[in-house]
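The structure appears right after this line, and notes come after that.
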Amino acid sequence: MSPAPPPVRSLIDTRAAAGGVGLVEGVSGRSLEWAELPAHVDRWRLAAAAVAPGDRVGLRMADPLAMVPALLAALAAGLVVAPLDPDCPPAELATLVRALGLSAVAGDAGSADALAEAEIPALVASGGELRVAGRVARRDLASPAAAGAGAGVLLASSGTSGQRKLIVLSEAQLLHTASCIVAHHGLTPDDVGYSPLPLFHINGVVVGALASLVGGHRLVVDRRFSASAFWDVVGHHEATWVNLVPAIIAVLAAAPAPGEEVVGRVAFARSASAPLPVPTLRSFEQHTGIPVVETYGMTEAASQITANPRPPGRRKEGTVGVAVGVELRVVDPADRAAGALAPGAVGEVEIRGPSVVERYLEPAGSPRPWRPARAVDGWLPTGDLGFLDGDGYLTLVGRADDVINRGGEKVHPREVEDVLLTHPGVAAAAVVARPHPTVGEEPVAFVVPATGPGADPAGLVAELHHLCDRHLSRFRRPASIALVDALPAGTNGKIRRAELRRRLADPAAGAQDGAA
């Protein structure tokens, strides 16, 4: 096993001594040099007179050039940091702050009004300084372990189920995964990454901020993705790799292609956070000339679990690559004691390793501070279904709770969605279960037309049914196909299937062939 990476404070000092620009906002061009980071750490240490090491402090900052230094500096100051959505409304923000047990929230100028309205104790960043605004709550968290026992990141992850899970990742776990990302992707200080992804998700925290600190490469960030500006930003800042999600990849596959100079410099586009349909991957690569490196991760593992190698390494289309920095196995959920299944057999993916959490944090005020995440033998069930091939490459087929049982036959939504997405008139598709009085469940599809609802929705629906008839067994074919303007999705691009199932429960909004 490789030696543990040095702590965040040591990495900051190393980068500061080397000098150079570490962080750039893509559209505006504003930048921050590595040598400026130690001053940010000192400010946080002064502000931490009101909060002690191990206390939980939220970060609600819209400006990425404020958010990234604050995240790194707060970790270096020994705090447990909770990155928060800067667009979260005050009422929801207040509820989340209470659930997370935060002592205070640090906000930039754009957050001051929302923090005041929610009556949240705040550390307000103004002109590069941090001042305490209002009373800071001191939390009785029962034990040093419950308080975090050192620096870390606290995230509220709901996945696709809608049930909030509170996850604490230690500084060591975060840096382990960041180091594995840098090594597996072969990133060096000469690289420049571009990540227009949210900084309040684990991807932005680890694949973006911490991997750049570990690898010493420049990171270009933007608060939001802009299709019209994307390739201009990549070209202007001479990015060598881009950090994306499938929803963005799909948009870029239909947007104007990058120029030859950009294509010649960008080594790969990294895809994460949600399944990437094979038709979307092929469309992007053919349109842009840039290879996609598909990966798989989850908050409970500090982001990355598996990844395909970057070119010229062997990428396997349709797989999420090999395990990186963790152990991985596929088991029969009904007989976990039997151990790993043979290659090719579909089962639930389980993981264990130094980056994998052992416990979930319960909301503040709960009778018990923690609940177990792993099984007795140390394996964490991911809830994802898939299979390994003989070379150790993992193919995901869906979530365990998304499998459709049609008269005893199992239907995985992704295998139906991949067929629907081969039609040029389909921009996005999601398949969920609808109750059926005879067979129990049947698959139904929600489809977003490529150019919005067309003049002949019945024609598109008929073509899609014919496509499914040619490529899918009878029990896998969707019973109905509804055309919709958009699919409900989280900020990380994952489709909220629970919301689609709720629509089906409403007779007025049920999926019927044609426009919905």
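Per atom type, the range 168-317 shows carbon and sulfur on 53% of its accessible surface, probed at 1.4 Å. The label-point distance for ARG314 and ALA17, in a model that sets each label 7 Å from Cα toward Cβ, rounds to 4.1 nm. Compactness of the range 389-515 was expressed as the Cα radius of gyration divided by 2.2 N^0.38 Å, which yields 1.04.
Against the chain, whose longest principal axis is taken from its Cα atoms, helix 37-47 shows a tilt of about 70°.
Rolling a 1.4 Å probe over the protein chains gives ILE495 an accessible area of about 40 Å². Surface composition of the range 407-467: carbon and sulfur make up 59 percent of the accessible area, probe 1.4 Å. Rolling a 1.4 Å probe over the protein heavy atoms leaves HIS412 with an accessible area of roughly 30 Å². Classification of the range 75-115 by its C-alpha gyration tensor yields an oblate form. The axis ratio a/c (a ≥ b ≥ c) is 1.5 or more, and b/c is at least a/b. Over 19 Å, how big is the tail of the calculated P(r) for the range 153-251, in percent of all Cα pairs? Across the range 153-251, Cα pairs with separations above 19 Å total 47 percent.
Rolled with a 1.4 Å probe across the full set of protein chains, the surface gives ASP87 an accessible area near 90 Å².
Here, the range 335-432 is characterised by an Rg to Rh ratio of 1.07, where Rg is the alpha-carbon radius of gyration and Rh the Kirkwood radius.
Placing +1 on each Lys and Arg Cβ and -1 on each Asp and Glu Cβ, with no other charges, gives the chain a dipole about its Cα centre of roughly 920 debye.
For the chain, the longest principal axis of the Cα atoms and the long axis of helix 457-471 meet at an angle of about 80 degrees. Given +1 at the Cβ of Lys and Arg, -1 at the Cβ of Asp and Glu and no other charges, the dipole of the range 384-445 around its Cα centre is 220 debye to the nearest 20. The convex hull built on the alpha-carbon positions of the range 194-347 has an orientation-averaged projected area of 10.0 nm². Here the gap between ARG359 and ARG501, fully extended at 0.36 nm per residue and compared with their Cα-Cα distance, gives a gain of 48.2 nm. Restricting to Cα pairs below 8 Å that are 6+ residues apart, what does the relative contact order work out to for the chain? Please round to a whole percent. So the answer I get is 10 percent. Between ALA39 and ASP485, the C-beta separation translates, for a Förster distance of 45 Å, into a calculated FRET efficiency of about 0.40.
Counting only protein heavy atoms and a 1.4 Å probe, the chain has 41 square angstrom of accessible area per residue.
What is the antiparallel percent of DSSP beta bridges lying wholly in the chain, to the nearest 5? Among the beta bridges of the chain, antiparallel pairing accounts for roughly 60 percent. Using bins of 10 Å that start at zero, the share of Cα-Cα pairs per bin across the chain amounts to 4, 18, 28, 27, 17, 5, 1, in whole %. For the pair the range 316-395 / the range 58-112, the C-alpha centres are spaced 30 Å from each other. Across all C-alpha atoms in the range 424-488, the radius of gyration and Dmax reach 12.1, 37 Å. Multiplying the residue separation of SER10 and ALA112 by 0.36 nm and removing their Cα-Cα distance gives an extension gain of 33.6 nm.
Extension gain for ARG164-HIS287 works out to 40.5 nm (0.36 nm per residue, less the C-alpha to C-alpha distance). With R₀ set to 45 Å, the beta-carbon distance separating HIS466 from ALA183 gives a calculated FRET efficiency near 0.40. Of the residues ARG98, ARG329, ARG496, ARG371, the one with the largest accessible area comes first in the ranking ARG98, ARG496, ARG371, ARG329, computed with a 1.4 Å probe on protein heavy atoms. Applying 1/(1 + (r/R0)^6) with R0 = 56 Å to the Cβ-Cβ distance of VAL263 and THR438 gives a FRET efficiency near 0.60. Counted over the range 165-308, the DSSP beta bridges are approximately 25% antiparallel. Note on the range 235-320: Rg/Rh from C-alpha atoms, Kirkwood Rh, equals 0.96.
The values are calculated or read from the model by the stated rules, or taken from the named source; none is laboratory data. What you see is a predicted model, and the numbers here were worked out from it, not measured in a lab. Every residue, glycine as well, gets a Cβ built from its backbone with ideal geometry; the counts of neighbours run over all protein chains shown. Note: accessible area is taken over every heavy atom of the protein model, side chains too, but ligands, DNA and RNA are not part of it. Shrake-Rupley method; radii C 1.70, N 1.55, O 1.52, S 1.80 Å.
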